[in-house]
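These notes are about the structure you will find just below.
Please treat every number below as a calculation from the coordinates, not as lab data. Here the structure is a predicted model, which means the values were calculated and not measured. Don't worry about glycine lacking a Cβ; one is built from the backbone with ideal geometry, like all the others, and counts go over all protein chains shown.
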């Protein structure tokens with residue numbers, strides 16, 4: 001279940017029989033794990049080869065460039081002493097490096113065994129291999145890293161776990177892992193990627209797994225080191241040569257197919273299959289394909305066949321060209337040429353390095369933060385003082401001096417001064433630290449002086465939160481720690497085929513153990529008396545996968561979600577599963593594939609600067625989906641009907657909360673619709689409802705009349721004398737309007753707009769002051785904290801609009817640190833669901849100025865502008881302004897306008913450009929829709945243009961007189977409330 005590896009099967013210790021690549025490729029196809037086609041890679045390769053050969057023909061490449069590749073050998077043993085078992089000796093390792101150099105430089109002693117027919121194309125690849133002398137930290141090394149892996153055998157499925165035991169950056173080192181692969185394989189390698197694309201077919205772009213894995217019984221040469229513990233048929237180190245060939249882009253010489261499948265090298269004869277088990281190495285040997293020209297025998301001497309080591313002795317010129325293209329152009333291959341891995345470190349007197357940024361590492365919040373770093377003395381002087389400079393997005397913000405004494409290689413953890421976030425906008429930013437002085441002089445080694453971390457500054461938010469992923473979430477963010485797969489939006493059927501959800505594609509995610517984070521904005525529960533987190537999850541377990549999981553954590557003060565946050569939810573494998581086991585690429589197919597989860601947040605009530613993070617942990621199993629995240633009160637509430645809808649058949653959905661201390665199995669519901677007869681019923685829960693959790697009760701409401709409706713719902717749980725009564729108002733409303741639109745409340749009434757006031761207390765009203773009429777919500781003195789009042793538009797038809805912009809004016813003065821809120825929601829289905837949040841601001845974000853206790857003055861209004869082009873062509877759009885009361889201050893809105901052409905300054909009409917060569921624009925900004933007649937006449941009174949415009953409000957129109965002669969013309973505009981004549985000049 002890994003990607004991008006070629007491997008040789010080992011059947012028994014001494015038998016190299018066949019390649020498992022066909023079976024492996026089929027497994028990848030079954031799991032849809034194909035990113036870039038072979039054809040795509042080969043197109044890229046042919047382009048590069050053409051350039052290379054062109055340069056050769058022009059003799060621009062007059063002298064060969066010999067590339068030296070730094071190698072690190074990770075010996076993954078099981079506790080043996082050096083030189084025994086898996087923990088092979090240094091001498092055996094060195095013998096393998098010697099073989100690699102001879103085979104790739106064609107200085108191998110058995111090169112004379114290359115048949116005369118193939119000698120002209122046998123090639124020196126001009127690549128040397130050298131054990132690293134400098135490790136990633138800049139310290140001296142032998143290039144051999146020994147790790148006790150704690151187990152006997154490692155299999156292909158253990159790839160990520162094996163390599164995570166010991167890994168050096170693949171950009172700078174060829175990683176070779178040597179261990180016991182059992183009877184599984186002799187070895188396997190990760191193919192290079194072509195460019196910035198995902199990778200070759202069945203190839204991985206994971207830098208954390210890039211390299212070569214070799215069984216310890218085939219690593220090294222018995223000819224060069226006779227005590228080497230290697231298998232008889234594979235005792236000359238050619239398994240590693242073969243796998244490093246794959247690492248540099250070579251395919252097997254039979255193309256992993258038959259005589260019609262090539263290895264993309266013209267000078268390797270076609271072959272039907274591999275020549276494993278050939279036995280004798282006598283030329284000509286087999287000629288398994290006769291359809292090549294010229295018809296040559298199989299090149300079983302090639303390192304990319306499956307013959308015994310003794311038979312192998314060459315790479316070809318075309319194979320060399322492929323490998324040179326890869327090392328010149330492919331990511332994580334080309335960078336090897338600039339690696340310092342083979343440059344021995346030079347110890348200087350004053351050399352301090354930043355080892356790591358300890359914190360912050362993912363996100364931060366609040367007004368400031370205090371970074372912590374680990375530094376190390378790499379020089380031979382004692383360091384007594386040094387300076388660190390911090391920069392944010394490249395701009396220096398602070399320099400600190402530290403007077404800490406550090407001896408050679410001593411590590412110190414230091415705390416930097418508090419850094420302000422006052423001028424940092426929410427989102428991603430880079431924090432960089434640089435060593436700018438050591439012992440009052442310049443640091444003598446700049447290679448380790450810089451360290452950068454990307455951080456997220458979450459925006460501020462407040463409960464309630466409702467996130468359904470029908471559009472990308474603005475204020476939530478992902479953290480993709482390994483740079484590979486992460487959370488993304490996809491279609492996910494939950495009973496609605498058009499539904500979207502957030503998911504991680506574990507099914508094709510080879511980095512087992514990798515984690516991906518999805519984090520909320522900074523949430524305040526300061527004014528909440530109850531709160532819960534709920535979300536929907538869908539997951540199908542891949543058989544045998546036990547460690548795949550979803551964790552939800554709550555971080556105070558945006559604590560590191562991986563180390564310092566509270567775990568409030570954790571499920572894995574079978575417990576997480578909602579749809580049973582599946583070997584297919586799981587995608588939810590119905591509502592039945594989902595489960596709702598609910599978590600009481602009582603512990604965090606009254607707190608600010610909270611952050612919720614969903615953490616997905618991959619075990620290369622099956623896909624994980626989440627949807628409908630909400631943070632809201634833990635209380636009985638009416639979820640549906642929608643406050644305003646044009647559909648007469650609705651459903652009463654009541655969220656029932658068990659606020660007792662024991663599980664309950666039933667609930668008694670009584671409701672009165674429109675003050676008519678009370679209806680009562682007992683409902684059974686599917687499974688006992690646990691204390692602090694909730695479940696929805698659904699009751700159909702059919703054939704509702706047009707107009708206002710009220711509901712009174714009484715909820716009675718067993719074994720409790722207390723009842724809960726809910727009041728609710730909703731409308732069935734078929735009113736409609738067209739765009740463009742203006743709603744300015746100058747008539748001090750809402751006409752076709754609907755006010756929904758569930759608690760029959762304070763609600764939206766119209767008023768006037770300072771020469772202006774507006775709608776306002778009286779939050780000051782509003783007794784029901786958290787109550788929401790709706791102001792809903794008629795159904796709007798956007799189908800004839802080529803562009804749509806909505807603007808409105810808002811005024812709010814924050815009082816006593818309260819966080820009253822204003823949201824603008826959009827429905828695409830006549831109001832059945834208001835699931836799109838266009839605008840949501842609270843507290844300081846909403847505030848426009850100071851006018852406590854008084855109506856807003858002209859200078860304290862702010863105009864908000866929203867692009868609605870995503871909703872063009874829709875015919876059942878509704879808008880809803882929703883006020884959330886926090887008992888703070890009044891919220892005012894005015895002059896709601898929807899434009900279908902460009903926005904322009906206030907002016908009843910405006911004609912431009914003038915003069916012109918004949919093309920003119922008319923802009924209107926009228927108080928109400930009306931018909932306008934446009935007429936253009938010349939100075940002789942002859943009409944040269946006429947037009948009748950309907951429903952004119954705030955649009956721009958074009959007219960043309962380009963075919964008329966130059967001169968002065970009169971434009972007459974006649975509307976229902978105005979009439980005017982304008983003079984225009986027409987130029988040649």
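Give the relative contact order (percent, whole number) for segment 754-897; include only Cα pairs under 8 Å separated by 6+ residues.
40 percent
Stokes-Einstein at 20 °C, 1.002 mPa s, Kirkwood radius from Cα pairs: D for segment 71-177 in µm² s⁻¹?
Reported coefficient: 135 µm²/s.
Considering only C-alpha atoms, what is the centroid distance from segment 587-605 to segment 220-296, in Å?
55 Å
For segment 637-732, calculate the relative contact order in percent as a whole number, restricting contacts to Cα pairs under 8 Å that are 6 or more residues apart. If you can, show how the numbers build up before the last one.
On the way: 214 pairs, mean separation 33.4, N = 96.
Relative contact order for segment 637-732 comes out at 35 percent.
Please compute, over every Cα-Cα pair in segment 602-643, the percentage with a separation greater than 16 angstrom.
Above the 16 Å cut-off, segment 602-643 has 64 percent of its Cα pairs.
Please compute the modelled spin-label separation between residue 816 and residue 802, points set 7 Å along Cα→Cβ, answer in nm with one decimal.
In this crude label model, residue 802 to residue 816 measures out at 5.3 nm.
What is the percent of Cα-Cα separations in segment 736-899 that go past 23 Å?
So the pairs more than 23 Å apart make up 35 percent of the total in segment 736-899.
Which whole-number percent gives the relative contact order of the chain, counting Cα pairs below 8 Å spaced six or more residues apart? Let's see the in-between values first.
Working: 2485 pairs, mean separation 68.2, N = 988.
That works out to 7 percent.
Mind putting together the pair-distance distribution for segment 379-441? All Cα pairs, 5 Å bins, whole percent per bin, short to long.
Calculated over all Cα pairs of segment 379-441, the distribution is 4, 15, 25, 20, 14, 10, 7, 4, 1 percent.
Wrap a convex hull around the Cα atoms of segment 909-986, take a quarter of its surface area, and give that in square nanometres. Numbers along the way, then the final one.
Details: hull surface 18.0 nm².
Projected over every direction and averaged, the Cα hull of segment 909-986 covers 4.5 nm².
Can you check how the C-alpha radius of gyration of segment 465-632 compares to 2.2 N^0.38 Å, as a plain ratio?
Cα-based Rg divided by the globular estimate yields 1.00.
In nm², what is the average projected area of the convex hull enclosing the Cα atoms of segment 637-732?
6.0 nm²
Can you tell me what the convex hull of the Cα atoms of segment 674-795 projects to on average, as an area in nm²?
Dividing the Cα hull surface by four gives the mean projection, 11.7 nm².
Give the distance, in whole Å, between the Cα centre of segment 68-135 and the Cα centre of segment 540-563.
If you average the Cα positions of each part, the centres end up 42 Å apart.
In Å, the Kirkwood hydrodynamic radius of segment 519-591 over pairs of distinct alpha carbons? Before the final figure, lay out each step's value.
Working: mean 1/r = 0.0683 Å⁻¹.
For segment 519-591, inverting the mean 1/r across all distinct Cα pairs yields 14.6 Å.
What is the gain in length, in nm to one decimal, between residue 358 and residue 665 on full extension, counting 0.36 nm per residue of separation less the C-alpha to C-alpha distance?
Computed gain between residue 358 and residue 665 is 105.6 nm.
May I ask you to compute the full-extension gain from residue 592 to residue 708, defined as 0.36 nm times their residue separation minus their alpha-carbon distance, rounded to one decimal in nm?
Numbers: separation 116, 0.36 × 116 = 41.76 nm, distance 3.44 nm.
That pair, residue 592 and residue 708, stretches by 38.3 nm at full extension.
Could you give the spread of the C-alpha atoms of segment 194-343 along their three principal axes, from largest to smallest, in whole angstroms?
The Cα atoms of segment 194-343 stretch 44, 42, 24 Å along the principal axes, largest first.
Normalised radius of gyration for segment 494-537, please: alpha carbon Rg relative to 2.2 N^0.38 Å, two decimal places.
Working: Rg = 15.9 Å, N = 44, 2.2 N^0.38 = 9.3 Å.
Ratio of Cα Rg to 2.2 N^0.38 Å: 1.72.
What do you get for the angle between helix 38-57 and the principal long axis of the chain? Use alpha-carbon atoms, 0 to 90 degrees, nearest ten.
It is inclined by approximately 60 degrees.
So if I take the centroid of the Cα atoms in segment 449-523 and the same for segment 735-809, what is the distance between those two points in Å?
34 Å
Which angle from 0 to 90°, rounded to the nearest 10, does the C-alpha axis of helix 90-105 make with the longest principal axis of the chain?
90 degrees
Given q = 0.11, 0.13, 0.23 Å⁻¹, what are the Debye log10 I(q)/I(0) values for segment 352-457, with equal point scatterers placed on the Cα positions and solvent ignored?
Result of the Debye calculation: -0.33, -0.45, -1.23.
Regarding segment 329-378, what are the three Cα extents along the principal axes, ordered largest first, in Å?
44, 37, 11
Over all alpha-carbon pairs of segment 857-905, lay out the pair-distance distribution in 10 Å bins, whole %, shortest bin first.
With a bin width of 10 Å, the distribution comes to 14, 43, 31, 12.
Mind pulling the angle between the C-alpha long axis of helix 21-30 and the longest principal axis of the chain? Nearest 10 degrees, somewhere in 0 to 90.
10 degrees
How big is the C-alpha Rg of the chain next to the rule-of-thumb value 2.2 N^0.38 Å, as a ratio? Could the numbers behind the result be given before it?
Values: Rg = 36.4 Å, N = 988, 2.2 N^0.38 = 30.2 Å.
In units of the globular-protein estimate, the chain measures up at 1.20.
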